[in-house]
Amino acid sequence: MKIPSLLPACLALAASAAAAHEPGAHVHGVAELRIVVDGPQLQVSLESPLDNLIGFEHAPRTDVERTAVRHMARTLREVGSVFAPSAAAQCRASGVQLASSAALGESIAATPADGDGHADLDADFSWTCDHPQALTGVDVDLMRHFPGLRRLKVQVAAPSGQRAVDLVPGRRSVTW
Ligand SMILES: [Zn+2]
């Protein structure tokens, strides 16, 4: 019997199709982005299989792997290169926190590993906006920087309500 070739290379939760739709499911190529707007504060949390960002999910062992980790950390810490909140809102990035269950170095915090051979990257970004009433969306350029990321499942909690949207390559705008 032929195995369908469209299956992602790694499905940690392949045993249950339903489980793959639950938050936190580890599916290569897919990541989750949570956006929270609270007064002048904008917070964005990314949870992604590490494979999407650097192509492997363990502590770097070679110079090539160390370079990949450094490049990822540098890209994510240059917040303006990956996220563009509404310009009129005049939001200033106020912090970036990176954490992973793989020991990556580069000042990336370590979180407990699941022990299943997979690892995620958690990234928290925050901004303070001078004109929050003008904050109506954010453009997300993660997929341009990280081609291994093919789908971003976005959840927004804003004063106007909650919504969910999927971003795919070529679709980068989230509005609310
Ligand atoms: Zn994995």
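Brief remarks follow.
- Gyration tensor verdict on the range 66-118 (Cα atoms; rounded if a/c is under 1.5, prolate if a/b is larger than b/c, oblate otherwise): prolate
- FRET efficiency for Asp141 and Asp116, using Cβ-Cβ distance with R0 set to 41 Å, rounded to 0.05: 0.85
- Whole-angstrom gap from the range 48-87 to the range 162-176, using each part's C-alpha centre: 21 Å
- Rounded to the nearest 20 debye, the dipole magnitude of the chain is 480 debye, with +1 charges on Lys and Arg beta carbons, -1 on Asp and Glu beta carbons, and the Cα centre as origin.
- Stretching Glu106 away from Ser160 to a fully extended chain increases their span by 15.7 nm, per 0.36 nm per residue minus the current alpha-carbon distance.
- If you take all other residues with their beta carbon under 13 Å from the beta carbon of Thr175, and give Lys and Arg +1 and Asp and Glu -1, the sum is +2.
- The slack between Gln41 and Arg171, meaning 0.36 nm per residue of separation minus the straight C-alpha distance, is 44.3 nm.
- Taking label positions 7 Å along the Cα-Cβ direction at both Ser94 and Arg151, the computed distance is 3.5 nm, reported to one decimal.
- Local electrostatic count at Asp141 - Lys and Arg +1, Asp and Glu -1, tallied over other residues with Cβ under 13 Å: +1
- Each other residue within a Cβ distance under 11 Å of Ala93 adds +1 if Lys or Arg and -1 if Asp or Glu, for a net charge of +1.
- Relative counts (whole %) of C-alpha pair distances in the chain, using bins that are 5 Å wide: 1, 8, 17, 20, 20, 15, 10, 6, 2, 1, 0, 0
All of the numbers you see were taken from the coordinates with simple rules; none came from a lab. Just so it is clear, the structure is predicted and the values come from calculations on it, not from any experiment. Heads up, the Cβs are rebuilt from the backbone with ideal geometry, glycines too, and the neighbour counts pull from every protein chain shown.
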